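The structure under discussion appears below in the form of structure tokens.
What follows draws every value from the coordinates through simple rules; no lab data is involved. All of these numbers come straight from a predicted model, not from anything done at the bench. Don't worry about glycine lacking a Cβ; one is built from the backbone with ideal geometry, like all the others, and counts go over all protein chains shown.
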Amino acid sequence: MSDHRAIIAAYTDAWNAPDDTASRAKLKAVWRDDSIYTDPTVSVTGVDVLVRHIAGVRTRRRNTRIVLTSAIDAHHDVLRFSWQRVNADGSLVIGGIDIAMIKDGYIGRMIGFFDII
């Protein structure tokens, strides 16, 4: 998968999926067993471990979703974009910026930062 928008859409769809099976299916299109996800709370490698992390966030943040709040900025094989986790009514839970390193059309590494409030 080489289209940056499609890669990030599949990735964010995995975070917004209703269950682990749906998250895994979305991630498989853009994530590999050696792909690394790091944010201020965790650093994990692989699809299954990231699916478990997403499940934990889904449990803690019920009825929320991730929305992109910027365009996807790209150069070489590095992408960055801003996002927010919002409640069902659209109110802000938390925001941040992610930086993705693309390798062979897949996310090789995703580094997330949370907004400082």
What distance in nm lies between label points placed 7 Å from Cα along the C-beta direction at residue 55 and residue 116? 3.5
Length gained when the stretch residue 25-residue 77 is fully extended (0.36 nm per residue, less Cα-Cα span): 16.4 nm
Magnitude of the charge dipole, the range 1-98, Cβ model with Lys/Arg +1 and Asp/Glu -1, debye to 20: 360
Fully extended, how many nm does the chain gain between residue 5 and residue 48 (0.36 nm per residue separation, minus their Cα-Cα distance)? 13.2 nm
DSSP bridge orientation in the chain - percent antiparallel, rounded to nearest 5: 90
State, to one decimal in nm, how far the label point of residue 101 lies from the label point of residue 65, with both points 7 Å from Cα in the Cβ direction. 3.2
How high is the relative contact order of the range 4-114, given as a whole-number percent (alpha carbon pairs under 8 Å, six or more residues apart)? 25
